[in-house]
Amino acid sequence: MRQSGAHPADSSDVPGEPTLGRPTARMRALREALARVDPFTEPATEAALRSLAEAKGDKPADYIHPLRVALVGTAVSPGIFAVLVLIGRERALRRLDRLVRFIETLPAGGAAGGS
């Protein structure tokens, strides 16, 4: 598991259509929702994410894919809610913060490393 260095997010790992833009607002909202989940279990974290997506009129995938990148650094992983609980609330929140900071460094409409 990656502990330091540049975050591997690129345009293939942070999915989005031109109308979606960068997911910073979604990840901030998800961070707030996950910070309030108690108990921090798979069903509770999944319910929080799905409830947030529904309230915002988004698809759960709009949150799940960037969350996966934040937690494991890749576009593929075991079940994301299991990973979320195994990583733990505090580490997950720190990784979401790190993803938001990384995305904010990208040029508008661009991806890290170009091409």
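The values are calculated or read from the model by the stated rules, or taken from the named source; none is laboratory data. The shown structure was predicted, so the numbers you read here are calculated from the model rather than taken from an experiment. Here the Cβ positions follow ideal geometry from the backbone for every residue, glycine too, while neighbour counts run over all protein chains shown.
Check segment 93-105 and report whether any residue there is part of a helix (DSSP H, G or I), out of contact with any helix residue (DSSP H, G or I) (no Cβ under 8 Å at 6 or more places or on another chain) and polar (S, T, N, Q).
Looking through segment 93-105, at least one residue is part of a helix (DSSP H, G or I), out of contact with any helix residue (DSSP H, G or I) (no Cβ under 8 Å at 6 or more places or on another chain) and polar (S, T, N, Q).
Listed by first and then second residue, the pairs with beta-carbon distance under 7 Å, at least 6 apart or on different chains, first residue in segment 64-87 and closer than 10 Å to T45 by Cβ, second part of a helix (DSSP H, G or I) and among the acidic types (D, E), are F81/E42; F81/E46; A82/E42; V85/E42.
Looking at (1) acidic (D, E); (2) surrounded by 15 or more Cβ atoms within 10 Å (Cβ to Cβ); (3) modelled with pLDDT of 95 or more, find the lone condition where E54 falls short. For E54, the exception is condition (2). For first residues located in segment 31-54 and at negative phi, partners that are surrounded by 14 or more Cβ atoms within 10 Å (Cβ to Cβ) and of a type in the set (S, T, Y) and lie 6+ apart or on another chain with Cβ distances below 7 Å form the pairs L34/T45; V37/T45; L49/Y63; L52/Y63; A53/Y63.
The set of residues in segment 73-105 that are modelled with pLDDT under 95 and surrounded by 17 or more Cβ atoms within 10 Å (Cβ to Cβ) comprises G73, L99, V100, F102, I103.
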